[in-house]
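Colleague: Questions regarding the structure given below will be posed in turn.
Nothing in this text is a laboratory measurement; each read-out follows from the coordinates by a stated rule. This structure is a prediction, so every number in the text was calculated from the model and none was measured. FYI the Cβ positions are ideal-geometry reconstructions off the backbone, even for glycines, and counts take in every protein chain you see.
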């Protein structure tokens, strides 16, 4: 550990250090000490976050943010690419995610704070890179909440159509520009998530756990029924499109794993974050991968892989074909509605906690760090983020902006792999409750896979991403850089309060 014994009082890790000397470059590279990040854990404006989450709840948060539209929709896109070998594609995609998950696990156990990869970057690569990472996370979490909420509305409409023969009119289920006035279901699911989040982390975790268990049970039910319809001939040939098809499907399926990092945003509300966060991240990825592979194996065994082309509701169709009744497909559709709602809930939670950390550092307005004393949650933060995401989901066609969430996520993953290497080199003596295996090969591979995935995205996605980054730099240089807590010496009152 660093020796702070001879350091002047203003430079204690509990306080904001003096402004760095050396001009603009030094200001952009200023780093926040790990000890200061950890010491400030839970502290907000007017209150503190409550440590009420155990490993089980943390695992459910990650599963809730990951297990959703991917298995219900993207399987229909991947099976025509890989054939029956789509289960192998899921394994490859899971291994690709694993490299970054290992890095997240090490850093979450070493720096258990709410900011996730934003805070890890702040401690290792400096303020500018941390801001860029945080700005990417705002894009990833904020827009993905809106995009998933729109998908939830579509599933809800489908469920209504198959059960009661009623569908929500297009004027109330589509945004302006797409034949509607407002996407009311998308707005509703975001606002419902907001209501539960306002009650605090413990109550929110209970609701999330129930929803996650429902969607796991739905997928297990599909496997049990789908198993009865398996025909051995559907597995042959195993890889009709060869290795190329398997790898193409894996690239498509990788984005089904995005969300495993959600537990790292709960670092300041975990009871024992150094012990539980690494376990929760790894356990959630293991459970999700096992479910994905099992569902894929049953699905391609029960329905020829050629029939998946153009079929978004492949699982529901299989349930109907195997049983000969529409009842079970309705059950699956209901499970999908719950599954997607839990993604909205978990991702919205992560967004509020990242903004909480950025606000505490002074990089975004301090209102996002205000904590309600009664519930121990950042209520104003939750209200602002929920209303913004709800309006975005309800009124604006997302288009390519939704695709930009993928590139933002991959960029954040890449930075986490770099942060692990830097922290190992600069702070080798730091106590770590989890260590990346085969260091430094594992984080290097994680960084490489993220770069490869980013390069495989279309040019329009890069253009949207570039515009978002340009806007972020304007905000940073015009606002955040000057209001950073690392740019302002601690006031005497704050210094005495922090003793």
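Colleague: Ratio of Rg to Rh for segment 334-387, alpha carbon only, Kirkwood? Spell out each step's value before the answer.
Modeller: Numbers: Rg = 13.0 Å, Rh = 11.9 Å.
Over the Cα atoms of segment 334-387, Rg/Rh equals 1.09.
Colleague: Give me the one-decimal nm value for the distance between modelled label points at residue 452 and residue 202, 7 Å along each residue's Cα-to-Cβ direction.
Modeller: 4.6
Colleague: Using 0.36 nm per residue of separation minus the Cα-Cα distance, give me the extension gain between residue 325 and residue 232 in nm, one decimal.
Modeller: Details: separation 93, 0.36 × 93 = 33.48 nm, distance 2.31 nm.
31.2 nm is the gain from fully extending residue 325 to residue 232.
Colleague: Rounding to the nearest 10 and keeping the result within 0 to 90°, find how far the Cα-based axis of helix 314-323 lies from the longest principal axis of the chain.
Modeller: Taking the Cα atoms of the chain, the angle to 314-323 is about 40 degrees.
Colleague: From the Cα trace of segment 134-193, what convex hull volume per residue do you get, rounded to a whole Å³? Display every interim value, and only then the final one.
Modeller: Numbers: hull volume 5.0 nm³, N = 60.
Hull volume normalised by residue count: 83 Å³.
Colleague: Hey, another quick one. Using a 10 Å cut-off around each Cβ, can you sort 274, 215, 366 from fewest to most neighbouring Cβ atoms?
Modeller: On the way: 274 18, 215 25, 366 12.
Taking fewest neighbouring Cβ atoms as first place, the list is 366, 274, 215.
Colleague: Turning to a different aspect of this structure: Determine by what factor the alpha-carbon radius of gyration of segment 26-94 differs from 2.2 N^0.38 Å, reporting the quotient. Walk me through the numbers before you get to the answer.
Modeller: Numbers: Rg = 20.7 Å, N = 69, 2.2 N^0.38 = 11.0 Å.
Normalised Cα radius of gyration, segment 26-94: 1.88.
Colleague: With axes computed from alpha carbons, what is the tilt in degrees of helix 127-163 against the longest principal axis of the chain, rounded to the nearest 10 within 0 to 90?
Modeller: Once rounded, one gets 30 degrees.
Colleague: Using Cα atoms only, what is the angle between the long axis of helix 55-66 and the major principal axis of the chain, expressed in degrees (0 to 90) to the nearest 10?
Modeller: Approximately 60 degrees, to the nearest 10.
Colleague: Using Cβ contacts closer than 10 Å as the measure, can you line up 284, 386 from fewest to most? Write down the numbers at each step before the final one.
Modeller: On the way: 284 28, 386 22.
Taking fewest neighbouring Cβ atoms as first place, the list is 386, 284.
Colleague: For each of 455, 445, count neighbouring Cβ atoms within 10 Å of the residue's Cβ, then give the residues from fewest to most.
Modeller: 455, 445
Colleague: So what is the calculated 222 nm ellipticity per residue for the chain, using -39500 (n - 2.57) for each DSSP H run with n of 4 or more, over all residues, to the nearest 500 deg cm²/dmol?
Modeller: Values: 18 runs with 311 residues, N = 499.
That comes out to -21000 deg cm²/dmol.
Colleague: I'd like the distance between the alpha-carbon centres of segment 254-311 and segment 344-422, rounded to an integer number of Å.
Modeller: Spelled out, the Cα-based centre of one part sits 21 Å from the other.
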